[in-house]
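So the structure is just underneath, and the comments pick up after that.
The values are calculated or read from the model by the stated rules, or taken from the named source; none is laboratory data. None of the values given here were measured: they were computed from a predicted structure. Note that we place each Cβ from the backbone using ideal geometry, even for glycine, and neighbour counts take in every protein chain shown. The accessibility values were calculated without ligands, DNA or RNA, using every heavy atom of the protein model including side chains. Shrake-Rupley method; radii C 1.70, N 1.55, O 1.52, S 1.80 Å.
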Amino acid sequence: LVLIILGILLVLVIIDLSTSSQHIQHWLKELLSWMEFHPYAGVLVFILVYALCTVLFIPGAILTIGCGFTFGYVYDTSLTKAVIIASTTVFLGASLGSIMAFLLGRYLFRDCVLNMAKEYPMFEAVDRALEHNGIKIMILLRLSPLIPYNALDFMSGITSISIASYSIALLGVLPGVVLYTFIGATASTLGDHDGDGMTGGSGGENQSPLVRKISLVFGILFAALGVSVAAYHANKELKKILEEEQQ
């Protein structure tokens, strides 16, 4: 019964994403709008929705930015607080969804996931590398774009990594989560305080709007640069390890 329900949901998602109906996008926008006025209940609902989106292969980038934008609006006088709450909310939702997908891949969809893994030639080397240092390899995979996030969740279930090591390695998604929520919260802050001189938690009490905008934009650029550098080195290290495993 669980397989049938998940299968139907996945088919509906694929149909919606491949057509112009965009019901899912509309529902997610409604959720984020509702969260602006119900932030505490919204956190719990968002975590569950994000987890379901992860299992159903719904891209999480827009939802992550939207969460940052929403909490940037709710906590409009403290950018730092908005980013921390939004990042924590997204991380919990992503982690819950990833663990659910991991367990589904290991116990329910094993045959389907094995066929999916065949599309990634390096997967056998990844599986062998996980036997020696599961947490390190999984963190590198989270930082590297070698395997898409949602596919990696399911494919990890058919590897030798333990659920405990897999869960700890989810910390590897934090840099990207913080970056995207920061982008969303910054966009909300710039839009809401275009000329009021509020600090938003990013500077002095009398910071001008222009200085504020410049500092926030540079903050995004440096954050994006940091994540990109981390992803580059993670990808380089991961390829080196996989080449050694294939020899």
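Here are the numbers for this structure:
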read-out: Region 58-75 residues that are part of a loop (DSSP other than H, G, I, E, B), paired with ones that are modelled with pLDDT under 85 (beta carbon under 7 Å, 6 or more apart); value: Ile58/Val13; Ile58/Ile24
read-out: Lone unmet requirement of (1) at pLDDT 90 or above; (2) of a type in the set (S, T, N, Q); (3) open to solvent by 50 Å² or more (accessible area, probe 1.4 Å) for Gln22; value: (1)
read-out: Residue that is crowded, with 20+ Cβ neighbours inside 10 Å, over 22 Å from Asn150 (Cβ atoms) and either hydroxyl-bearing (Ser, Thr, Tyr) or in contact with a Ser or Thr (Cβ under 9 Å, 6 or more places away or on another chain) (or both), where the choices are Gly105, Gly42, Gly97; value: Gly42
read-out: Residues located in region 137-183, provided they are under 21 Å from Ser87 (Cβ atoms) and among the small types (Gly, Ala, Ser); value: Ser144, Ser167, Ala169, Gly172, Gly176
read-out: Region 40-57: number of residues that are of a type outside the set (A, V, I, L, M, F, W, C) and touching a residue at least 40 places away in the same chain (Cβ under 8 Å); value: 2
read-out: Any hit, region 176-197, residues being within 19 Å of the chain's Cα centre (by Cα), closer than 30 Å to Leu108 by Cβ, among the hydrophobic types (A, V, I, L, M, F, W, C) and at pLDDT 85 or above; value: yes
